[in-house]
1. Which residue, of 180, 167, 218, is at pLDDT 95 or above and more than 19 Å from the chain's Cα centre (by Cα)?
2. Among the residues of segment 248-273, count how many are over 13 Å from residue 198 (Cβ atoms), touching a residue at least 60 places away in the same chain (Cβ under 8 Å) and in a loop (DSSP other than H, G, I, E, B).
3. Only one residue in 309, 256, 268 is surrounded by fewer than 22 Cβ atoms within 10 Å (Cβ to Cβ) and within 20 Å of the chain's Cα centre (by Cα). Which one?
4. Tell me which residues, restricted to segment 167-182, are closer than 19 Å to residue 139 by Cα and surrounded by 14 or more Cβ atoms within 10 Å (Cβ to Cβ).
5. Which ones in segment 196-211 are assigned to a loop (DSSP other than H, G, I, E, B) and surrounded by fewer than 24 Cβ atoms within 10 Å (Cβ to Cβ)?
6. Residue under question is residue 302, and the condition is that it be farther than 25 Å from residue 206 by Cα, more than 17 Å from the chain's Cα centre (by Cα) and at pLDDT below 95; does it hold?
7. Among (1) out of contact with any strand residue (DSSP E or B) (no Cβ under 9 Å at 6 or more places or on another chain); (2) in contact (Cβ under 8 Å) with a residue 12 or more places away in the chain; (3) not in a loop (DSSP other than H, G, I, E, B), there is one condition residue 278 misses while meeting the rest; what is its number?
8. Here is a check on your reading of the model: is residue 296 more than 28 Å from residue 156 (Cα to Cα), touching a helix residue (DSSP H, G or I) at 6+ places or on another chain (Cβ under 8 Å) and surrounded by 16 or more Cβ atoms within 10 Å (Cβ to Cβ)?
């Protein structure tokens with residue numbers, strides 16, 4: 001039996017823990033502080049409500065992103081293919097999990113390669129930004145994009161996860177300049193995302209200055225990766241260290257607002273604790289272009305492609321009925337319908 005690499009084992013652990021354990025942040029997303037004004041006389045036909053959005057030269061049927069989750073294991077390959085099949089059927093965007101495993105072990109590339117079942121989707125490649133301080137360069141970024149024929153590249157930021165992880169990569173010094181260099185050289189849009197603790201006003205401004213095409217705030221209120229790392233800690237010291245940060249982060253709603261203020265021209269994606277289409281509609285009203293969900297889609301795809309399609313269809317319909325019930329025929333009309341709860 002081939003030896004399992006540390007990266008492969010970590011990916012398998014992450015997938016198993018996310019499916020089986022409670023790894024939620026102790027914080028809420030902040031979206032509960034907002035509500036839409038109900039219109040009993042909306043003056044529009046539900047059949048004419050449009051949740052379509054154009055992004056990076058592709059039209060999406062709804063502002064839904066299958067957030068980056070997994071890859072690098074046989075089970076992850078099955079889940080990625082099911083998610084991609086469902087995204088193709090629903091015409092929504094999808095990101096894959098970190099491709100570092102496949103860059104360092106090319107035989108793992110197939111666990112990320114979903115174009116054969118999803119030729120038309122808006123697809124995002126993904127590597128950890130911190131790897132730019134550990135030997136990665138523009139060639140590695142291009143390899144990630146080419147590996148899956150991606151439309152854009154996600155560089156993810158996860159300083160807290162790396163800090164509480166056994167033997168994590170914690171040198172983030174000078175990383176902004178390296179991100180700027182990638183943005184200047186690579187042929188596809190660059191998206192920078194957090195993994196669940198949010199983007200601050202200062203970081204949003206810094207990323208905009210780097211030339212990123214979009215910022216995924218990935219705020220607090222959903223999966224806490226410090227909790228995930230707590231479940232796979234090798235000893236009690238590391239377990240307690242990770243457990244400390246269950247209440248850490250910037251709630252998703254606050255992070256959208258801070259990013260909008262600091263980088264008013266940036267394309268914003270919202271993820272982190274988004275549970276349904278109503279939450280996505282709130283994120284769009286606050287200034288996001290897409291709303292990303294992971295856990296719900298992961299659990300559905302673990303069952304079947306059909307279940308994943310059903311979950312995505314439900315999410316899309318929730319967005320459309322939210323729009324209808326507050327009198328918004330197009331997504332850009334939602335902002336005027338949102339008020340503080």
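The values are calculated or read from the model by the stated rules, or taken from the named source; none is laboratory data. Bear in mind that the values here come from a model prediction, so they are computed numbers and not experimental data. Cβ atoms come from the backbone with ideal geometry, glycine included; neighbour counts cover every protein chain shown.
1. Numbers: 167 fails: at pLDDT 95 or above; 218 fails: more than 19 Å from the chain's Cα centre (by Cα).
From the options 180, 167, 218, the qualifying one is 180.
2. The number of residues fulfilling the criteria is 1.
3. Numbers: 256 fails: surrounded by fewer than 22 Cβ atoms within 10 Å (Cβ to Cβ); 268 fails: surrounded by fewer than 22 Cβ atoms within 10 Å (Cβ to Cβ).
Result of the check over 309, 256, 268: 309.
4. 175, 176, 178, 179, 180, 181, 182, listed by residue number.
5. Of segment 196-211, the ones assigned to a loop (DSSP other than H, G, I, E, B) are 196-200, 211.
Hits for segment 196-211 are 200, 211.
6. Numbers: farther than 25 Å from residue 206 by Cα: yes; more than 17 Å from the chain's Cα centre (by Cα): yes; at pLDDT below 95: yes.
In short, yes.
7. Failed condition: (1).
8. Numbers: more than 28 Å from residue 156 (Cα to Cα): no; touching a helix residue (DSSP H, G or I) at 6+ places or on another chain (Cβ under 8 Å): yes; surrounded by 16 or more Cβ atoms within 10 Å (Cβ to Cβ): yes.
Taking the combined requirement at face value, the residue does not satisfy it.
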